[in-house]
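Enquirer: My structure is below; once you've seen it, I'll send some questions.
The values are calculated or read from the model by the stated rules, or taken from the named source; none is laboratory data. Computed from a predicted model, the values in this text were never measured in an experiment. Positions of Cβ are generated from backbone atoms using ideal geometry, with glycine treated the same way; all protein chains shown enter the neighbour counts.
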Amino acid sequence: MNRTRMAFALSLALTALATPALARGWGGSAWDGPGWGADRWSGSSPRRAEGPVEGHVTVSRFVADGPAAGALGHGTLAAVAAPGEPSAEPRELATYQAAVIDRLAHQGYRTDVTEAAAGQLVELRVTHDEVASQEVRKPVSGAATVGMSNHGSMMGLAVAVDLSKPKGALIATRLEARIRDRATNAVLWEGRADTVTRAGNEKWSDSAIAAHLATALFDRFPGATGEDSAAR
């Protein structure tokens, strides 16, 4: 008489995305100039072999040489949209302007002035890229195995049940800033900050991302020309 043996396994499966980040290159018609723009800043945002780390910030800066750099961190300053192609929506850009003004006020600038009265202008551009799509999951999946032996038949059944919410898309956000002398139009400082956050994560509202990037970008302002990829 044949005997039937049945095995039933129940497990929870979680899947994580680890797709390398792709971001827009630095530069563009409105941002290029002698010693600035694409030649110095070309290329994608720095990436790690294991993929983008949520909330990690990479900062790149370029500081003018000579006496011009001495004007940084002094006098009056106003935040404006970068000239040329539009970036963020007006409401979002205003959020980033507020975050940048807050940080530069802590660095010594007087920021309670209008654009016309400011001695320096900080031009801002904000861009986004989707670097990994939202997770696609099957709530229930499984596999069955049937075998035969001298002792009879065997059937194995494995079922995976995933009740967790799929993770949202990974979004790369870049904040670009350029400080100019309003009277001479000379560029005194230029920088960019990049981060990757998960869409739908309540932790990463527009205001939270703006503050996160602005804090990293203007940390130890004006800083030195180069790149800082330390996690924050």
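Enquirer: Identify all residues within segment 172-186 that are part of a strand (DSSP E or B) and either among the polar types (S, T, N, Q) or surrounded by fewer than 20 Cβ atoms within 10 Å (Cβ to Cβ) (or both); write none if there are none. Working first, answer last.
Expert: Residues of segment 172-186 part of a strand (DSSP E or B): 172-181.
Scanning segment 172-186 gives Thr173, Arg180, Asp181.
Enquirer: Moving on to the next point. Just to verify a result, which residue in segment 55-86, among those that are surrounded by 21 or more Cβ atoms within 10 Å (Cβ to Cβ) and of a type in the set (Ser, Thr, Tyr), is farthest from Ile179 (Cα to Cα)?
Expert: Thr58
Enquirer: Exactly one of (1) under 16 Å from the mean Cα position of the chain (by Cα); (2) farther than 16 Å from Asp219 by Cα is unmet by Val57. Its number?
Expert: (2)
Enquirer: Would you mind finding the one in Glu54, Glu92 that is in contact with a Lys or Arg (Cβ under 7 Å, 6 or more places away or on another chain), at pLDDT 50 or above and among the acidic types (Asp, Glu)? Please lay out each step first, then the result.
Expert: On the way: Glu92 fails: in contact with a Lys or Arg (Cβ under 7 Å, 6 or more places away or on another chain).
Unique residue meeting the criteria: Glu54.
Enquirer: Shifting gears a bit: Quick check: is even one residue across segment 64-84 at pLDDT below 75 and part of a strand (DSSP E or B)?
Expert: Going through segment 64-84, the residues at pLDDT below 75 turn out to be none.
Within segment 64-84, not a single residue is at pLDDT below 75 and part of a strand (DSSP E or B).
For (1) in contact with a Gly (Cβ under 9 Å, 6 or more places away or on another chain); (2) under 16 Å from Gly75 (Cβ atoms); (3) modelled with pLDDT under 95, each residue gets a yes or a no:
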position	(1), (2), (3)
His106	no, yes, no
Thr111	no, yes, no
Ala117	no, yes, no
Asp129	no, no, yes
Ala132	yes, no, yes
Gly142	no, no, yes
Met154	yes, no, yes
Leu157	yes, no, yes
Pro166	no, no, yes
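Enquirer: Consider only pairs whose beta carbons are under 6 Å apart and that are at least six residues apart or on different chains; among these, list those whose first residue lies in segment 93-117 and is closer than 14 Å to Ala211 by Cβ and whose second residue is at pLDDT below 95 and of a type in the set (D, E, K, R).
Expert: Partner pairs satisfying both residue conditions: Thr95/Asp206.
Enquirer: Would you check if Ala231 is modelled with pLDDT of 80 or more and either touching a Phe, Trp or Tyr at 6+ places or on another chain (Cβ under 6 Å) or surrounded by fewer than 17 Cβ atoms within 10 Å (Cβ to Cβ) (or both)?
Expert: no
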